[in-house]
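> My structure is below; once you've seen it, I'll send some questions.
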Amino acid sequence: MITNMGGPPRRRHDLGRALTTAAGGARRLDWVLISSVLALGVIGSLLVWSATLPGDGGDPLESVDHLLRHLAHLGVAWTVCLLVAALDYRTVRAYAPIAYVATLVALVLVLTPLGAVINGSRGWIVLGGFQFQPSELAKVGLILVLATLLGEPRDGETRPMTRDVLFCLLVTAVPLGLVMFQPDLGTGLILCVIFLGMLTLSGAPLVWVAGMAVAGAAGVFCVWWFDLLEPYQVDRIATLVDPAADPQGAGYNSAQALIAVGSGGFEGTGLFHGEQTHGRFVPEQHTDFIFTVAGEELGFIGAVSVIALFTVVLWRILRIARGCDQPYPRLLCVGVASWFGFQTFVNIGMGLGMLPVTGLPLPFVSYGGTAILANMLAVGLVLGVNSRDRGFEF
Amino acid sequence: MHKPPVDPALPGRRLGRFGLFLAQFMVLVLFAALAARLWYLQVPMAEHYRELAVSNHHQELVVPATRGQILDSSGRTVVSNKTELMVSADYHELQGMPDGGEAVLSDLSEVLEVPLEELQQRMRLCGPEVQRPCWPGSPYQPVTLAEDVAGPVALQVMERAEEFPGITAQAQAVREYPYGEHAGQMLGYLQPVTQEELEAREELRTQFTGIDQVGRDGLEAVYDKELRGRAGLRTLGVNNHGEIMDVISERLPEAGTHLVTHMDMNVQKVAERALAKGMERARPRYRADSGAAVVLDVTNGGVVAMASLPTYDPAIWEGGIDQETFDSMLSEEAGEPLLSRAVQGTYPPGSTFKVSSLSAAVENGYSLRSTYACPGSVSLAGQSYENYAGAGQGSITLKQAIIASCNTVFYNFGYQMWKQDGGLHPDGEPEEAMAEMARGYGFGSPTGVDLPYETGGRIPDREWKRTFWEETRETNCSRAEKGYPEVAETDPSRAAYLKRLAHEHCVQGFEWRANEAVSFAIGQGDVLVSPLQLASAYAAIANGGTLYEPRVAKAMVAADGSRVEPVEPSVKGELPVSDKTISYLQEALTEVPKTGTAGGAFGGFPQDRVSIAGKTGSADAQGRQVSSWFASYAPADDPQYAIVVLVSQGGTGGATSAPIAREIYEGIYGFSSSGNAEDVEQGEPLLPDGRPHSELPVVRPDGSIETLEP
């Protein structure tokens, strides 16, 4: 199947050559996807700016620290994105195992004295004033390695066999275990969803897919039954049923998020004018709860636009996947879509009081350097697939 | 379009295609669900969440209004506000410190010399599980840590502001009583609002700050609403830490109005001093345990002075009274100083009541021109009744019966009118002329004075007797059967007597008997009146028959003088007595302090300048010494004041109470007495020309008060 692609792979392995073809590839980039992600980045910057203004009002132009850092993150992330998009995905594939092992090393380092505890989770590495979250990059690493394993059946086989599935399970379990050790339930869930999503669409035996789904459900049940969750996590799920029950306790976040979003109304209070936002009633409002700022200040019009942009982004990624003849690039896109789709849905659902509070940022929008870098890295992979592996067009 | 060759047999691809369609469809469904939820929250529910948002970041802060002052009729300050230094803490600022403010409080405890533990307790917010000491107010108000702090201490806190972040020393308003004990019961006091008061009074609820005090007695209670003013309201924008971000709206407090009273504090002081001296004179022969003196303006019912002894200084209520002091204030050993004898005390009126009995007799056909027998004793319905000291006067006019206070004349009236009504067994509706007349004089019901907890006294008649019998019958009948074994152990004859009495009460207790009607006529037996009721009745005789509701308040004046609302006199009724009878009574009463039972007490008083009219009373009550009364008014020819003096267990009216009244009159008119008419000197009267001020003191726009010169 590889020979179907325009040329022998060994030529593509040459990094310099790959970059020289970038100009030609640009014409074939998915500009709808790019502009949607760009729009989310712009909206995100404004929301981060508003969410980090000091409480007493004042001139927004005088407190741009967070905004500038956020823009710097975006700049770096976009550069990385475009570089990755210019690379041949087959080149990237060759480095997938290295990327995967690198993220594992980082996840282990987190547990050493190099790691730092932020918000109750040992998920950060702090190096000389620089801090980053390896678990975000682990998502990309896992997608890459799973796509390699599931997308390249061995000789004589047309789809992944039990042996491959078991190996994938192991490959997923290692970072999952490390992440849960932090503990970071949100990222753990994302890793599971990436695995399940990619497995489902890999053509693996259906019995395995069903088995994994059942195992996942059983796992959730066990976690609940054997008290494996931290008390705060149980509280968060419990208060989802009625956020008003304990407004100053675990339900406080949910209740305040609902007030912020609801009070925004149809038109919103206008950027920088949200009273809930500026009173800092919603915690983590520039990261995990950024959507509530959109809800309050931009109203239904603005917030529904954000949802629409995410729909477009996911639609386009899945559309690119559908266009792939090869399983590897298709699974790459499926992995990215599973990740973005699940994380976005859970984050917005949490802001709207539909889902329990899990510390997941909103892709492209929330403040946070590593998260944005990981997001854009993934977008770069998808764009790279699109410019090189288009079997058909819509 | 170029399509690379594809092997359609690849199962992964087929499955992938279908699965991806499904995935795209799932994205649409899930994200549409998010949008629907968003719509629900932001469109139909927006109003609900906006309300929640407002209560989230708006904090209402009640700014108490300055309480109005209480002034006497010439503008002297009787109750005012003073400032006291207090140290308070910003609740949120201290809570926000890493150690919860412990270091700051610990430093503060050294400066204030208060244990750290106490300060920490006072910083706690009161709640169902937090008992006092704790902060009952809102955490947005400064939490009081120490009251009445000495100036140097407060200064230390202020000067070392950087060492005491979140702590302030500032002035706070508390009630001040420049006259100390004088008029204590009439003024009343303030106490923290109770839950019941909050529930009952809407204006308290809407302005409640958590540290409010309300008037609990006297004028402070009756005029609480006016004195209180209207609290201001500041709406503050706050963030999630409770830090104030801006002032959203502000309504300034409106200071309470000043209460100008009919009182004259000089007359009040003289009345209290004269009462105290008179009671002292009566001792040790008499107990003279308590007393009252009331000075009314007969032309409008204004209360010029009202003394009640023993008294107390209302300042004890400031800063929270402790349980021990409070208990002693209510104890009998301390003489129950909270009780106003003038308003709340009831006593048999004795001979001062004869004005009512005479009126009843005359209005029921006894002639003013006839003469009536005044023997040393009379036998009525098989029982003998004696005159005071047993002396007879022969045949006398009614006037002489008042002047000499002849009881037997009134015994006869009481008995005759009882018989007219059918005696023990009246046919049909009895007239009860004596009781009806007493009610016409205002006895038996509260006068309607603007002071709380007023008593109505008691005017007994057949109906009252029956009601009383029904209420006590069960006890009496059981006692009639079982006797008094506990008394019999020590005193068998008394037990036998009590048992007979119980039997009598059980069987015949409803009967209004001759002896009761006879006692009633001279203000004894079950008749009870308050000094204020008697003063109001004598004021009505003095002014020609108008019974006023006594009023302490004269006017309400705004704190900046912009509004003056006089309190109009209120007429309770007219005496049911002809003008002829009233002037006859006036003539008789005018004679009493000259040649009658109060002649001795007023010996040497310049009656040619100010003629006094009055009546003495000496009332017996079982198990108690004689209570002494003098009810009077002056000047007799142009009445202005009615003065009633009572000394409980104080001896005869002429010996104990009349001299007290005399001293008050001397004060009002400025006579300095030496007991001899020729020596009387005209000094400075307490009131100009012996008349109350007709104008009101002026409150200037800057809030200062222009006192009227006496």
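What follows is calculated from the coordinates using simple rules that are stated; it is not laboratory data. The structure presented is a predicted model; accordingly, all values stated were derived computationally and were not measured. All Cβ positions, even for glycine, are placed from backbone atoms using ideal geometry, and neighbour counts span all protein chains on display.
> Using alpha carbons only, how many degrees (0 to 90, rounded to 10) separate the axis of helix B:658-669 from the longest principal axis of chain B?
Tilt of helix B:658-669: around 70 degrees.
> Between helix B:407-420 and chain B, what is the angle of the helix's C-alpha long axis to the longest principal axis, kept within 0 to 90° and rounded to the nearest 10?
Value to nearest ten degrees: 70.
> Output the pairs from B:Lys354/B:Lys615; B:Lys354/B:Lys399; B:Lys82/B:Lys554; B:Lys354/B:Lys465; B:Lys572/B:Lys615 with a Cα-Cα distance over 18 Å in this structure; if there are none, say none.
Beyond 18 Å: B:Lys82/B:Lys554; B:Lys354/B:Lys465; B:Lys572/B:Lys615.
> What ranking do B:Trp418, B:Trp512 get, fewest neighbouring Cβ atoms within 10 angstrom at the top?
The most exposed by this proxy come first: B:Trp512, B:Trp418.
> Suppose the chain between A:Ser305 and A:Leu38 were pulled fully straight at 0.36 nm per residue; how much longer would it get relative to their current alpha carbon spacing?
Separation in residues times 0.36 nm, less the Cα-Cα distance, equals 94.8 nm.
> Within 10 Å of each residue's Cβ, count the other Cβ atoms and sort B:Ile459, B:Ile248 from fewest upward.
Going from sparsest to densest Cβ surroundings: B:Ile248, B:Ile459.
> Given R₀ = 22 Å, what would the calculated FRET efficiency be for B:Thr144 paired with B:Thr235, taking r from the Cβ atoms and rounding to 0.05?
Computed FRET efficiency for B:Thr144 and B:Thr235 comes out at 0.45.
> Roughly how big is chain B's charge dipole about its Cα centre, with Cβ charges of +1 (Lys, Arg) and -1 (Asp, Glu), in debye to the nearest 20?
The calculation lands at about 1720 debye.
> Starting from the 7 Å offset along Cα-to-Cβ, what nm value, one decimal, do you get for the label separation of B:Glu162 and A:Leu114?
Here the modelled spin labels are 4.4 nm apart.
> Turning to a different aspect of this structure: Among A:Ile43, B:Ile396, which comes first, second and so on when ranked by fewest other beta-carbon atoms within 10 Å?
Going from sparsest to densest Cβ surroundings: B:Ile396, A:Ile43.
> Would you mind checking the tilt of helix B:462-482 against the longest principal axis of the Cα atoms of chain B, expressed as 0 to 90 degrees and rounded to 10?
That helix lies at roughly 90 degrees to the long axis.
> Let me ask another. Need one number: nm distance between label points at B:Asp526 and B:Glu102, each 7 Å from Cα along Cα→Cβ, rounded to one decimal.
Between B:Asp526 and B:Glu102, the simple spin-label model gives 7.0 nm.
> Report the FRET efficiency, 1/(1 + (r/R0)^6), for A:Ala213 and B:Ala36, where r is their Cβ-Cβ distance and R0 is 30 Å, rounded to 0.05.
0.70
> Would you mind calculating the relative contact order of segment B:442-505 from Cα pairs under 8 angstrom and at least 6 residues apart, reporting the percent as a whole number?
25
> A further question follows. When only Cα pairs under 8 Å and 6 or more residues apart are kept, what is the percent relative contact order across chain B?
Here the relative contact order equals 15 percent.
> Calculate the FRET efficiency for B:Glu386 and B:Arg513 from the Cβ-Cβ distance with a Förster distance of 25 Å, rounded to the nearest 0.05.
That gives a FRET efficiency of 0.85.
> How many nm separate the modelled label positions at B:Asp313 and B:Glu333, each set 7 Å beyond the Cα in the direction of the Cβ?
2.2
> By average Cβ neighbour count within 10 Å, what is the ranking of B:59-66, A:373-380, B:567-574, B:546-553 from highest down?
In descending order of packing, they fall as A:373-380, B:546-553, B:59-66, B:567-574.
> Ok, one more. Can you list the residues, at least 5 places off or on another chain, whose amide H is less than 5 Å from the amide H of B:Met306, using H built in the peptide plane?
B:Val295
> Quick one: Kirkwood hydrodynamic radius for chain B, alpha-carbon pairs, angstrom, one decimal?
About 30.5 Å, per the Kirkwood formula over Cα pairs.
> Still on this model: When the chain is fully extended, how far beyond the present Cα-Cα distance does B:Glu110 get from B:Phe468, taking 0.36 nm per residue of separation?
122.4 nm
> Still on this structure, I have one more. What lysines could a cross-link reach from B:Lys499, if we take a straight Cα to Cα line under 17 Å and drop same-chain neighbours fewer than 8 places away?
Within the straight-line cut-off, B:Lys499 pairs with B:Lys482.
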